[in-house]
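**Q** One structure follows; several queries about it will come next.
The values are calculated or read from the model by the stated rules, or taken from the named source; none is laboratory data. These numbers come from a predicted model, not from an experiment. Backbone-built Cβ (ideal geometry, glycine too); neighbour counts: all protein chains shown.
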Amino acid sequence: MAEYTPLVMPPSAREFSRKASIVGLGESDYQADYRAQRKPPEGYEPPTTEGLATLAFERALADSGLTRGDIDGLTGSFTYGGPPPAELASLLGVKPRWNISNGNIMAGPLPVVCAAIAEGKADCVAMIYAVNSRTAGRVFGGATHSGSNDPGEGYGTPPSYYYYHPWGWSSQAAHWAMIFAHYSMKYGVREEDLGAVSQQVRNHASRNPNAVMQTPFTIEEYMASRYIVRPLHLLDICLVNDGAVCLIVRRADMARDMAKVPVDVTGWGEAKIKSSKLDVMVRQQLRPQLEEAGGQAFAMAGMSQADIGHFEGYDAGSIHLINQIEGYGFARQGEGVAFCQAGEMDLTGRLPSNTEGGNLSGSYMHGWSQVAETVRQLRGEAGTRQVAGLQYAMTSLAQTDQAHPILYARGEK
């Protein structure tokens, strides 16, 4: 009987560092699925979360060289519906002795899985995330939001104070717009300056054959794109697409004799806004939470910012990527956009960032595809977008009210 564990972030403890390694990776075909959905061929049937999850799992299993019998742990995270744990295990043909079935963000499940492995609850866990936002026709904010989970009504945004509905803020795009409006006023950063961030991320995506959006654009084209919430343009806001990711995580001492280079999970952190959300989010750019969570992760890993050679930040909005680069101390406050304009986020810069195209151009897998890119980079499998000589990397899932960084290292074979 599988054990069901609530999704609670484990402590950022040194004894959990490097006890688990990512040894398998599988993703669905984001680009091909997106194109098919925009122009459906004859007989086209949209993907289901079950089908996407199965595809990602099969690819991860093949990538790892393991068998179904090696999998003794399973996590299933599905946004907008998916099979319950027992049904998912049956679908994949595995028999887990440990299981989590809740949580749809990477920052939660991955540290929980690593801690469970360190505590002996499982030796090899398949982590699966699948989302069908585009097929379901999810609406992000605006007057059409319903808050319903009924696909027939369209997936809306819950009418809660999380999104400040009483003031017309019915989506996170409104948050990013307010943040940048304040940032622009405080530091003198123009719209076209911020455009360099989306442009840099798109340039990375142009090297990724699985990225949804691959065509580079000029700053003039950026400025000509329509506003979503002024002063943010279409190219400042994340994609909406279907897809799935599977990571296979194994006990570190069992990961050294495998075909692929293991990727060790070395540290993580968590910090949430406790009060005055508008002040912390807009005026402070989530800086206190980013500093606190980053400090936890670096202390756990025994690392510093200087060690990090690749960064994947949760770019639901372009300004939010800058929030994270500044908040974790890679650039000084107010200088993150200039950091990008100077080429420091490019492959040969100080901090190559969102090299698969991020949420802005690559795919919107709520942070999961960015962990997948980190695995590829640390293995040396990123092709023309490979960061040379990479040993240490960082991902960050930072929502509007919390920060969840994770640190990684290229493991030993």
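**Q** Please go through (1) in a loop (DSSP other than H, G, I, E, B); (2) within 19 Å of the chain's Cα centre (by Cα); (3) polar (S, T, N, Q); (4) more than 26 Å from PHE78 (Cα to Cα) for THR348 and return the number of the only condition it doesn't satisfy.
**A** (2)
**Q** Still on this structure: Taking LEU360, is it closer than 16 Å to THR395 by Cα, in contact with an Asp or Glu (Cβ under 6 Å, 6 or more places away or on another chain) and part of a helix (DSSP H, G or I)?
**A** Values: closer than 16 Å to THR395 by Cα: yes; in contact with an Asp or Glu (Cβ under 6 Å, 6 or more places away or on another chain): yes; part of a helix (DSSP H, G or I): yes.
Judged against the criteria, LEU360 is a match.
**Q** Still on this structure, please answer the following. Out of the residues in the stretch 371-404 that are touching a Leu at 6+ places or on another chain (Cβ under 8 Å) and assigned to a helix (DSSP H, G or I), state the one that is nearest to VAL197 (Cα to Cα).
**A** This residue is ARG385.
Residue-by-condition table, conditions (1) in contact with a Ser or Thr (Cβ under 9 Å, 6 or more places away or on another chain); (2) in a strand (DSSP E or B); (3) of a type outside the set (Lys, Arg):
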{"position": "VAL201", "(1), (2), (3)": "yes, no, yes"}
{"position": "ARG207", "(1), (2), (3)": "yes, no, no"}
{"position": "ALA211", "(1), (2), (3)": "yes, no, yes"}
{"position": "GLN214", "(1), (2), (3)": "yes, no, yes"}
{"position": "PHE217", "(1), (2), (3)": "yes, no, yes"}
{"position": "MET223", "(1), (2), (3)": "no, no, yes"}
{"position": "VAL240", "(1), (2), (3)": "yes, no, yes"}
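**Q** Can you name every residue in the stretch 297-323 that is buried (at least 21 other Cβ atoms within 10 Å of the Cβ), among the polar types (S, T, N, Q) and closer than 24 Å to ALA115 by Cβ?
**A** none
**Q** Would you check if there is a residue in the stretch 377-385 being on the phi > 0 side of the Ramachandran plot, out of contact with any Phe, Trp or Tyr (no Cβ under 6 Å at 6 or more places or on another chain) and at pLDDT below 95? Step through it out loud before you land on a result.
**A** The initial filter retains those residues of the stretch 377-385 that are on the phi > 0 side of the Ramachandran plot, namely 380, 383.
Filter once more, so that each one left must be out of contact with any Phe, Trp or Tyr (no Cβ under 6 Å at 6 or more places or on another chain): 380, 383.
Still in the list and also at pLDDT below 95: none.
Checking the stretch 377-385: not a single residue is on the phi > 0 side of the Ramachandran plot, out of contact with any Phe, Trp or Tyr (no Cβ under 6 Å at 6 or more places or on another chain) and at pLDDT below 95.
**Q** Restricting attention to the stretch 40-62, does a residue exist that is among the acidic types (Asp, Glu) and at pLDDT 95 or above? Write out each step before concluding.
**A** Step one: list which residues in the stretch 40-62 are among the acidic types (Asp, Glu), which gives 42, 45, 50, 58.
From what is left, the residues that are at pLDDT 95 or above are 58.
Yes: the stretch 40-62 contains one or more residues that are among the acidic types (Asp, Glu) and at pLDDT 95 or above.
**Q** Another question, then. When only residues in the stretch 242-261 that are buried (at least 23 other Cβ atoms within 10 Å of the Cβ) and either more than 30 Å from ALA116 (Cβ to Cβ) or among the hydrophobic types (A, V, I, L, M, F, W, C) (or both) count, which is farthest from the chain's Cα centre (by Cα)?
**A** Of everything passing the filter in the stretch 242-261, ALA255 is farthest from the chain's Cα centre (by Cα).
**Q** Sticking with this structure for a sec: Which ones in the stretch 216-231 are among the small types (Gly, Ala, Ser) and over 26 Å from the mean Cα position of the chain (by Cα)?
**A** The one that is among the small types (Gly, Ala, Ser) and over 26 Å from the mean Cα position of the chain (by Cα): ALA224.
**Q** State which residue pairs qualify: first residue of a type in the set (Asp, Glu) and inside the stretch 179-194, second residue assigned to a helix (DSSP H, G or I) in any location, beta carbons under 8 Å apart, and separation of 6 or more residues or different chains.
**A** GLU191/SER184; GLU191/MET223; GLU192/ILE219; GLU192/TYR222; GLU192/MET223; ASP193/VAL337; ASP193/ALA338; ASP193/GLN341
**Q** Quick test for you: out of VAL265, VAL249, VAL261, VAL245, pick the one residue that is assigned to a loop (DSSP other than H, G, I, E, B) and at pLDDT 95 or above.
**A** VAL261
**Q** Show the residue pairs that are 6+ apart or on different chains and have beta-carbon atoms under 6 Å apart, the first residue being within the stretch 379-405 and under 18 Å from GLN200 (Cα atoms), the second being charged (D, E, K, R) and assigned to a loop (DSSP other than H, G, I, E, B).
**A** THR384/ARG207; ARG385/ARG207
**Q** Continuing with this model, one more query. Can you tell me which residue among SER170, SER184 is at pLDDT below 95 and either at positive phi or not aromatic (Phe, Trp, Tyr) (or both)? Outline the logic, then answer.
**A** Values: SER184 fails: at pLDDT below 95.
After ruling out the rest, the residue left standing is SER170.
**Q** With the checklist (1) of a type outside the set (Gly, Ala, Ser); (2) out of contact with any Pro (no Cβ under 8 Å at 6 or more places or on another chain); (3) touching a residue at least 12 places away in the same chain (Cβ under 8 Å); (4) not in a strand (DSSP E or B) in hand, flag the one item ARG256 doesn't pass.
**A** (2)
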